[in-house]
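First up is the structure itself, then whatever we jot down about it.
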Amino acid sequence: MNMPSERVQFGTFILDVDRYELTRAGKPVRMERIPMDLLILLVRAKGRLVSREEIIERLWGKNLYFDTDNSINTAIRKIRNSLGDDAGNPQYIETVLGRGYRFKGQTVIASSVEPVQIEAERSRIMLAVLPFENLSGDSAQEYFSDGLSEETIMRLGQMSPHQLGVIARTSSMAYKQTDKSVTRIGQELGVDYVLEGSVRRDGERVRITAQLIRVKDQIHLWAENYDRQLPGILDIHGEIGAAIAAQVKLKLMSEEKRQLTRNAPRDPEAHDHYLRGRYHYARFNLEDAQKAVSYFQRAIEREPSFGLAHSGLADALMVLPISGDIATHEVFSTAKTAITQALQLDRDSAEAHTSDAATKFWFDWDFKGAEVAARRAIQLNQNYSLAHLYLAHVLSNTARHDEALTTIQGALVLDPLSLIAGAMRGQFLYHAGRDSEAIEQFNLTLGMESRFWVGQICVAKVYEKQGLYSEALVACDHALEFSGGNSEALSLAGYVHAVAEERPKAEDSIHKMLERKKERYVPPYNLALVFAGLGESEAALHWLGQALEDRDVHMPFLLDHKWDGMRSNPEFQKLLSRVGLARS
């Protein structure tokens, strides 16, 4: 087949037609010529039904007399085996009886990834820790089993990150209560091994069962039961990690062994509060973030030297102004103090350095400092996907687009099912001016979860830029509903109405935000944006001045195209300089 240069991503796979290669997480997926040619044909059809006659003609030519039907069936079966696809409930290859086949997966154009990064991923053993099953018979104990799952991921991830890659929590938790086979999970996540486990808690007594399974042949390499009384469970990760290392032939140095229990809590009640905090933080919404803040604070009160609780507190506090229209000054000093404490307690904590990068990005607008902190976090633990995401965010918002897209791809290798990482890749493509690719990425992400409001607000920005105002407004409506009323959705809808020359509707958005402002905080940036859309520069600058004073978390986005009409204004240039975004 004639194969022009093209790279297409679907799910966690990348099909590189030019290199005639299918990869998952940077690792090649073996496929014979005919199945590969057929996969390329189906993917290129972009959802169109491809008849068996067309397949025969394209792959073998006309006037053939051998058993092409059986050959097609064999090729389809081999494709499904390689993709981990289920013929009865297909994710990628759909059979239309008597007609042909259709590729039903969402596809996006894959950005180029540095060969060095791909080789690094290939050289590492990849592991997924599946959610520990709660066998306590009490749904109130879900936080405990989920928390232990996340903590195991974190501990194993920092054990020997240059030898062992560990899939991040978000993607692993997607398989909670799944009926998928280990083979299929392994293929979807691109891992070599899977750790399964269960937790049964009865008061202070805890029983953990863990088993390590090799994906390629589903052989159970190791299994162990641990019966402990609290606080004896707090050092369990050292034993599990050492056992896994032995089974996958990792030779651990003494420092790597120490990583398994470094900065572990000593107080079981503090640990319990910490697990509850992580459970709520993972939901990434205002109500749960407030609960997470409370639990992390309780953990710190019980054990002030618990460094991870301090960085967890900072992370949860940052959710409040980003997702919940909370004024920065309400959380700024507490978050900064928490990070200072976390770094004093453990200078080698990837979590603390990532939290530091986040506050420098959102609150300080110290983009150089944020980049240094994120790179230090990655140096300490290259398995910590959030560090890759924040580094990519800094790079993208400071117009280093190619670097940003390469970096976010690294985050997606570690967390391929992460909605936020997928949405950020779409946003970074938008920042880079690659709008059609951005929309394809958002289709992929929102296809996983349509109620993800961050994805909806980000895709609305791309639709607006392309002049697709109706589509943008629909996405804004979804974002407003799914976020619980975040004013960013009102603001963007008002801006869309303004540039669509629907002034009364734009002014109505301003009125709604001003009315809301009488009762609770509304980020000034959101009001400024609508005035900018209406061409009222003086009013926009007034609200941007207030946003500067408030340290509004939206200010790092002043390089967005929506401000182009004001970019030559000297007062706007002064604002850019004070935010650290002035171009030399």
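What to note about this one:
- Taken along its three principal axes, the alpha carbon spread of the chain comes to 76, 66, 45 Å, from the longest extent down to the shortest.
- Mean residue ellipticity, 222 nm, helices only, the chain: the sum of -39500 (n - 2.57) across DSSP H runs of n ≥ 4, divided by residue count and rounded to 500, is -17500 deg cm²/dmol.
- Inter-probe distance in nm under a simple model that places probes 7 Å from Cα toward Cβ, at E21 and H220: 3.7 nm
- For E21, the residues whose modelled amide H falls within less than 5 Å of its own, excluding neighbours fewer than 5 places apart on the same chain, are D16.
- Taking packing as the residue-averaged number of other Cβ atoms within 10 angstrom, the listed peptides 378-390, 33-45 run from highest to lowest as 378-390, 33-45.
- The range 450-584, Cα convex hull volume normalised per residue, Å³: 105 Å³
- Violating pairs (Cα-Cα greater than 20 angstrom) within the set K461/K505; K360/K512; K78/K249; K216/K249; K78/K104: K360/K512; K78/K249
- Sorting 142-155, 437-450 by average packing, meaning the other beta carbons within 10 Å per residue, from highest down gives 142-155, 437-450.
- Relative protection proxy for 303-310, 266-273, 421-428, from highest mean packing down: 421-428, 303-310, 266-273 (other beta-carbon atoms within 10 angstrom).
- At q = 0.21, 0.34 Å⁻¹, base-10 log of I(q)/I(0) for the range 361-404 (Debye sum, equal scatterers on each alpha carbon): -0.61, -1.19
- If the segment from S294 to T183 were pulled out straight at 0.36 nm per residue, it would be longer than the present Cα-Cα gap by 36.0 nm.
- Normalised alpha carbon radius of gyration of the range 7-109 [divisor 2.2 N^0.38 Å]: 1.02
- Positive-end residue of A314, G485, G88, charge dipole of the chain with Cβ unit charges: G88
- In this simple spin-label model, placing a label point 7 Å from the Cα along the Cα-to-Cβ direction at both A539 and T337 gives a separation of 4.0 nm.
- Magnitude of the charge dipole, the chain, Cβ model with Lys/Arg +1 and Asp/Glu -1, debye to 20: 1080 debye
- Of the residues Y525, T354, H554, the one whose Cα sits farthest toward the positive end of the charge dipole of the chain, with +1 on the Cβ of Lys and Arg and -1 on the Cβ of Asp and Glu, is T354.
Laboratory data are not the source of any read-out in this text; all were calculated from the coordinates shown. Predicted, not measured: the structure shown is a model, and the values here were computed from it. No Cβ is skipped: glycine too gets one built from the backbone with ideal geometry, and neighbour counts run over all protein chains shown.
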